[in-house]
Amino acid sequence: MKLLLDILQGMGVSAATGLRPFLPTLLVGALAADDLGVDFDGTDFSFLESPWFLLAITAALVVTTLLRARFETPAGEAALGGIGLGLGALLFAGTLDDRHATWWPGLLAGLVCAFIAQQGARSLITRTRARLDAEAAGALFLYTESAALVLAGLSVLIPPISVLAIAFFIWLRLGGRRREGEKFAGLRILR
């Protein structure tokens, strides 16, 4: 049962970093430092709750927030996405390493869960941003950060929530693909 809860917790935390990398990592690291729901002490991933790592994550969060316009380019989003994948893999593996000797599957599963969340969120954000004016579209990053923070917190406190989150991200991605196909169907009728 503990292994299942650790897997579910890892799924949710890595999915949260797939949305936005730094705030969920900061929350999970702070919770781990206080041994609240997750603990990396005595593992190969104890650096995830160390003060220097949390300070570096905080600095990265501040920089990406202040320079938000530069990170809303395709290259910036790809960089943040790659960081999110890496942090998701580390957090999932660290969650497994807390109570179990074998942690390496967490690296692979963390990459997969972060990627699923990233693809689902990107699909939704792209469709939403296209419909909004510039000012409203600029606030989307706040919603994404908030969703990532809530998902990370809930995944630590109530690990089974991660199953719903992953299913939701898959649904978002599949719904986005379906809508892409419908988008041009009306244009063929006009010919």
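Read-outs throughout are calculated quantities, based only on the coordinates presented, and are distinct from any laboratory measurement. Keep in mind it's a predicted model, so treat the numbers as computed, not measured. Methodologically, a virtual Cβ is constructed for each residue, glycine included, from the backbone with ideal geometry; neighbour enumeration extends over all protein chains shown.
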How far apart, in nm, are the 7 Å Cα→Cβ label points at W171 and D133?
3.2
Pick from D41, D98, D133: which residue has the top mean-square fluctuation in a GNM of the chain where Cα pairs under 10 Å get a spring?
D133
For the stretch 60-160, what class follows from the C-alpha gyration tensor (a ≥ b ≥ c being the square roots of its eigenvalues): rounded when a/c is under 1.5, otherwise prolate if a/b is larger than b/c, else oblate?
prolate
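Restricting to DSSP H runs of at least four residues, report the calculated mean residue ellipticity at 222 nm for the chain, -39500 (n - 2.57) per run over all residues, nearest 500 deg cm²/dmol.
-26500 deg cm²/dmol
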Calculate the spin-label point distance for L108 paired with L4, positioning each point 7 Å from the Cα along the beta-carbon direction, and give it in nanometres.
2.2
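Would you mind putting 17-25, 167-175 in packing order, based on average other-beta-carbon counts within 10 Å, highest first? Before the final figure, lay out each step's value.
Values: 17-25: 28.1, 167-175: 16.1.
Result, highest mean first: 17-25, 167-175.
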Mind giving me the nanometre distance, one decimal, between the label points for F141 and V62, set 7 Å out from Cα along Cα→Cβ?
1.6
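Percent relative contact order of the chain, based on C-alpha pairs within less than 8 angstrom and at least six residues apart? Display every interim value, and only then the final one.
Numbers: 287 pairs, mean separation 69.3, N = 191.
It rounds to 36 percent for the chain.
Based on a Kirkwood Rh over C-alpha pairs, give the Stokes-Einstein translational diffusion coefficient of the stretch 1-106 at 25 °C and viscosity 0.890 mPa s in µm²/s. Write out the running numbers ahead of the final one.
Values: Rh = 13.9 Å.
Calculated translational D: 176 µm²/s.
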Which peptide among 106-112, 66-72 comes first, and what is the full order, when sorted by highest mean count of other Cβ atoms within 10 Å?
106-112, 66-72
Go through L66, L54, G42 and say which Cα lies farthest out towards the positive end of the charge dipole of the stretch 37-78; charges sit on Cβ, +1 for Lys and Arg, -1 for Asp and Glu.
L66
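Beta carbons within 10 angstrom, averaged per residue: use that to sort the peptides 142-149, 116-123, highest first.
On the way: 142-149: 16.1, 116-123: 22.9.
The packing order, highest mean first, is 116-123, 142-149.
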Computed for the chain: size of charge dipole around the Cα centre, +1 on C-beta of each Lys and Arg, -1 on C-beta of each Asp and Glu, debye to nearest 20, value 1400
Once the Cβ-Cβ distance between D41 and T73 is put in as r, and R0 is 45 Å, what FRET efficiency do you end up with, to the nearest 0.05?
0.70
In whole percent, what relative contact order does the stretch 88-161 give with Cα contacts below 8 Å and a gap of six or more residues?
20
